[in-house]
1. If packing is taken as the mean number of other Cβ atoms within 10 Å per residue, what is the order of 43-50, 122-129, 69-76, highest first?
2. For each pair in K127/K196; K19/K127; K4/K168, compute the distance between the two Cα atoms and list the pairs where it is over 29 Å.
3. Output the 0 to 90 degree angle, nearest 10, between the alpha-carbon long axis of helix 116-128 and the longest principal axis computed from the alpha carbons of the chain.
4. In a shell of Cβ-Cβ distance under 9 Å around Q92, excluding Q92 itself, what net charge do Lys and Arg (+1) and Asp and Glu (-1) give?
5. Run through the DSSP bridge list for the chain and note the antiparallel percent, rounded to the nearest 5.
6. Can you send over the solvent-accessible area of D157, 1.4 Å probe, protein chains only, in Å² to the nearest 10?
7. Would you kindly derive the ³J(HN,Hα) couplings of region 172-184 from the backbone phi angles with the Karplus curve 6.51 cos²θ - 1.76 cosθ + 1.60 (θ = phi - 60°), listing them in order in whole Hz, with x for Gly and Pro?
8. Nearest 10 degrees is fine. How inclined is helix 28-39 to the longest principal axis of the chain, computing both from alpha carbons?
Amino acid sequence: MKTKFDPTLLAFLCDALQKPLPKKEHGLYASVLRHAAREGWVSFADIEDILCETDPRLYRIDLRSLSEAFQIPERAFFPRPRMKDTQVFGAQGFMAADAAALLIALRRFGFSVEAQPLVDLVMPQIKAQVSLTEAELSVFWYRQEKDRFAGLMVQADGPRPQSLDARKFTTETGYQIEIQIDQDGNPWTLTVLRPKRVRTKVA
């Protein structure tokens, strides 16, 4: 994961963290899991459905900017064409394991995103592999480290502001948040600490 985020993305994350958790949708995640099990990948629309069900504050987040910040590759997926076909239409998305890693990363930021169902789906394949990507490693270790992630801090990409004010608060789920804000009200840094009962040192 990068330590410097696009300012627009950082502002979205900071704003979402300060909102109360709204009523969640139901029944969307199961559909995504069926698709992922069948196809091996998860579309952008599927990710939005998961966010709607587990943490609607993240709905409409820029997934392309998010995947770049988390260094998780997006891909184009196409149905296998027939030999006589001359064109085919696809969709943007993530390999299932990469999608799980993206959800895990969002959870580390203090959001109520639930990654476990997708983690459980891809774990048999990951356990069978000899070599793993960084994203697959985060999935592999998720169950044992779910509530023991180190704290994190990211900042906006750009020159340091001349003056900063700090805003501190605790989310409904116990995450302790500190946002440093510049003179124009834009977030400069975001620091997230896990709930006290499971806190470890900041990375």
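1. Ranking, from highest mean packing down: 43-50, 69-76, 122-129.
2. Violating the 29 Å limit, Cα to Cα: K127/K196; K19/K127.
3. 60
4. In short, +1.
5. Once the DSSP bridges in the chain are tallied, antiparallel ones form about 90 percent.
6. So the heavy atoms of D157 present about 100 Å² to solvent.
7. Whole-Hz 3J(HN,Hα) from phi for region 172-184: 4, 9, x, 6, 9, 10, 10, 10, 8, 10, 7, 5, 9.
8. So the helix axis and the longest Cα principal axis differ by about 50 degrees.
The values are calculated or read from the model by the stated rules, or taken from the named source; none is laboratory data. Note that this is a predicted model, so its numbers are computed, not measured. Reconstructed Cβ throughout: ideal geometry from the backbone, glycine too, with neighbour counts over all protein chains shown. When the accessible area is computed, the model is the full protein with side chains, heavy atoms only, and any ligands, DNA or RNA have been set aside. Shrake-Rupley method; radii C 1.70, N 1.55, O 1.52, S 1.80 Å.
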